[in-house]
Amino acid sequence: MTTHHSLAAEGLSLGYGDRTVIDSLDLVVPPGRITAIVGANACGKSTLLRSMSRLLAPRTGRVVLDGKEVHRMPARQLARTLGLLPQSPVAPEGIIVGDLVGRGRHPHQGMFSRWNAEDDAAVAAALETTGTTPLADRAMDELSGGQRQRVWIAMALAQHTDILLLDEPTTFLDASHQVEVLDLLTDLNQARGTTVVMVLHDLNLAARYADHILALAEGRLHASGPPAEVLSEDTVRAVFGLDSRIIEDPVSGRPLMLPIGRHHVRPPQAASSAGR
């Protein structure tokens, strides 16, 4: 069973060059749950995830894992606890799928230890779970975008971390594979207690799959909490600049956001006659 580690940001400010992207952010990731980070493009979602995984150093503040600053932890030690699937990972040219997934095992191998049966089992399970076993001997270069995305997720799973950070894991996937991947992450969370933190651009998928939502707006945390509390018409307007209606999702019972554009609002007469 997975150990529940605490992951939090305290007074975190992040940026590139002269530009501040995240400003004085405080947040706590609920351990053992699924958290979705949502917000408009360029609001700092990916930047926040990069800092939480130690790829980007804070300007001020800190990211803490079990009370220790992640930017002061040895890389291998951190990689045994926390795994990251970035938005556009790049595979070494010509690498075979099975070898790429096997790289997820590197944090578990010391300087003198060798590949063992446990590593074999972890890679096989990750391939099986993501439906990529038939691709194990194929080159990554030959695969479709959707297939490659599932292989990257397999590599992250093979790492066997207690916390998994994913930056838009449904990118390049069609609707059925999006649901498949999010179902898979839910299975992982329920079976192993893995803490999952993912950036999602689809607000309704976030509301359906996440236990906890962090809504960012202009580099700050606008709202956080369960989907039923966070997903409101006011929040959607503040975070996305979009008018909407929130109804109950008939499948999950979670909130469902219906965007309002300029062309498809039913006039009152049509709405009332349709109800007769």
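Remarks
- Any chance ARG245 is assigned to a helix (DSSP H, G or I), among the basic types (Lys, Arg) and over 12 Å from the mean Cα position of the chain (by Cα): no
- In segment 57-82, the residues that are at pLDDT below 90, small (Gly, Ala, Ser) and surrounded by 13 or more Cβ atoms within 10 Å (Cβ to Cβ): ALA79
- Conditions (1) in contact (Cβ under 8 Å) with a residue 12 or more places away in the chain; (2) under 20 Å from LEU157 (Cβ atoms); (3) of a type in the set (Asp, Glu); number of the one not met by ASP120: (1)
- Filtered by the rule that a residue be assigned to a strand (DSSP E or B) and over 16 Å from LEU84 (Cα atoms), segment 26-63 gives ASP26, LEU27, VAL28, VAL38, THR60, GLY61, ARG62.
- Among the candidates LEU221, LEU164, LEU216, LEU185, the residue that is touching a strand residue (DSSP E or B) at 6+ places or on another chain (Cβ under 8 Å) and assigned to a helix (DSSP H, G or I) is uniquely LEU185.
- Pairs, first under 18 Å from THR130 (Cα atoms) in segment 178-207, second aromatic (Phe, Trp, Tyr), C-beta under 6 Å, six or more apart: LEU182/TYR209
- Filtered residues of segment 86-106 (kept if at pLDDT below 90 and either in a helix (DSSP H, G or I) or surrounded by 15 or more Cβ atoms within 10 Å (Cβ to Cβ) (or both)): PRO86, PRO89, ALA91, ARG103, GLY104, ARG105, HIS106
- Where SER232 falls short, out of the listed (1) in contact with a helix residue (DSSP H, G or I) (Cβ under 8 Å, 6 or more places away or on another chain); (2) closer than 23 Å to PRO255 by Cβ; (3) hydroxyl-bearing (Ser, Thr, Tyr): (1)
- For segment 79-109, the set of residues classified as hydroxyl-bearing (Ser, Thr, Tyr) and either closer than 13 Å to ARG148 by Cα or without any contact (Cβ under 8 Å) to a residue 12 or more places away in the chain (or both) consists of SER88 only.
The values are calculated or read from the model by the stated rules, or taken from the named source; none is laboratory data. Computed from a predicted structure; not experimentally measured. Note that we place each Cβ from the backbone using ideal geometry, even for glycine, and neighbour counts take in every protein chain shown.
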